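Let me begin by presenting the structure, written as structure tokens, before commenting on it.
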Amino acid sequence: YPLEDHVKAAKVDELMDALEDIGATVMKVAQGQEKSAVMVARAAACTEKDGSVYQVLEKINAQLAGGGYAVGTELTIADLLLYSGCSNLISGLFDGVPTNTLDAFDKITAIRKNVRSLPVVDAWYAAKDAAKVPASFGKLE
């Protein structure tokens, strides 16, 4: 966390707040409907440009610094939250969210790839039982 740079810290906080909104946005889509309706509605919400989830992801992607990091030029807690939150999003945890939901978002994808390729992260996943780790947390090519 960037304790010495208050502007950067505010950007980290802002991004983390936005990332926390993703799950709530997904859950609101077709809430209370039959599973088949939920599946269709969530897929549309994630992949269509006017979809509620797509729009949240688009805003997050536009706000990211680029260069493989969320805020600035080095790893922050925002990168880790983005990696874990977005990997959860496409993991199958949420019914109807396609595994390719993040493909349209270049900066999100670059950050996920960067975080997952960190030696400490790679070692942590290597030590886990592969059967218990969703594929969305695997190495990104």
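The values are calculated or read from the model by the stated rules, or taken from the named source; none is laboratory data. Just so you know, these numbers come straight off a predicted model, no measurement behind them. A quick note on method: Cβ atoms are made from the backbone with ideal geometry, for glycine too, and the neighbour counts reach across all protein chains shown.
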Matching entry among 78, 30 (being farther than 19 Å from residue 111 by Cα and in contact with a helix residue (DSSP H, G or I) (Cβ under 7 Å, 6 or more places away or on another chain)): 30
Kindly check whether there is at least one residue in region 10-28 that is part of a loop (DSSP other than H, G, I, E, B) and surrounded by fewer than 18 Cβ atoms within 10 Å (Cβ to Cβ). no
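Residue under question is residue 66, and the condition is that it be modelled with pLDDT under 95 and not charged (D, E, K, R); does it hold? Lay out the reasoning, then the answer.
On the way: modelled with pLDDT under 95: yes; not charged (D, E, K, R): yes.
Spelling it out, residue 66 is indeed modelled with pLDDT under 95 and not charged (D, E, K, R).
Per-residue answers, yes or no, for (1) in contact (Cβ under 8 Å) with a residue 24 or more places away in the chain; (2) over 12 Å from the mean Cα position of the chain (by Cα); (3) farther than 30 Å from residue 3 by Cβ:
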| residue | (1), (2), (3) |
| --- | --- |
| 43 | yes, yes, yes |
| 50 | no, yes, yes |
| 83 | yes, no, no |
| 98 | yes, yes, yes |
| 119 | no, yes, no |
| 134 | yes, yes, yes |
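Is there a residue being hydroxyl-bearing (Ser, Thr, Tyr) and within 20 Å of residue 106 (Cβ to Cβ) anywhere in region 54-72?
As a first pass, look at region 54-72 and keep what is hydroxyl-bearing (Ser, Thr, Tyr): 54, 69.
From the residues that got through so far, the ones that are within 20 Å of residue 106 (Cβ to Cβ) too are 54, 69.
Yes - at least one qualifying residue is present in region 54-72.
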Within the set of pairs 6 or more residues apart or between chains, which connect a residue that is more than 26 Å from residue 54 (Cβ to Cβ) inside region 1-20 to a residue that is assigned to a helix (DSSP H, G or I) and of a type in the set (Gly, Ala, Ser) with Cβ atoms less than 8 Å apart? 1/9; 2/9; 3/9
Complete set of residues in region 110-124 that are of a type in the set (Val, Ile, Thr) and within 12 Å of residue 137 (Cα to Cα): 115, 121
Mind checking whether some residue in region 67-80 is in a helix (DSSP H, G or I), within 15 Å of the chain's Cα centre (by Cα) and of a type outside the set (A, V, I, L, M)? yes
